[in-house]
Amino acid sequence: MKSKIIIVLAVFTTFFSCKNEVKEEVQPIVENSITTEIQLIQFHTEHRCITCNNIEKLSKETIKGNEAISFVLYNVDDEKNAKVAEQFEATGTSLYLYNSKTRFTKDLTEMAFMYAKNEGDKFKTELQKEISAFK
């Protein structure tokens, strides 16, 4: 019993400790967006919840009018998106900033889920902060 708890804690710690680090080695293929240096990439599954839809809506509203950032939406259940989903290790709804020149990526999934459902203004403020710091 004790060993099961230790294993669960190790997996949990590993999963959440790596969530927000900037990764250099990811080289995603962004096929369905306008080529911009900075991309806001959202992954989703075939069946989308309210929060997932809000993440898309609020993300688009936040970057509206910003010609330097493109929004890219990928369905992870679609086979043609398997390679890019694998590169980002995305298996469901997730949100990333990606710089095509430096190949850096920033995982914003935790922030997105925290604010997208009930705190739209906070979501936009936090996303804008992340974008400003990312450039």
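Summary table
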| quantity | calculated |
| --- | --- |
| Alpha-carbon Rg/Rh ratio, for the stretch 37-134, with Rh computed the Kirkwood way | 0.94 |
| Fraction of beta bridges assigned by DSSP in the stretch 37-134 that are antiparallel (%, nearest 5) | 55 |
| For the stretch 37-134, size of Cβ-based charge dipole, Lys and Arg +1, Asp and Glu -1, in debye | 260 |
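Read-outs: derived from the displayed coordinates by stated rules, not from any lab. Please read these numbers as outputs of a predicted model, since none were measured by experiment. Note that we place each Cβ from the backbone using ideal geometry, even for glycine, and neighbour counts take in every protein chain shown.
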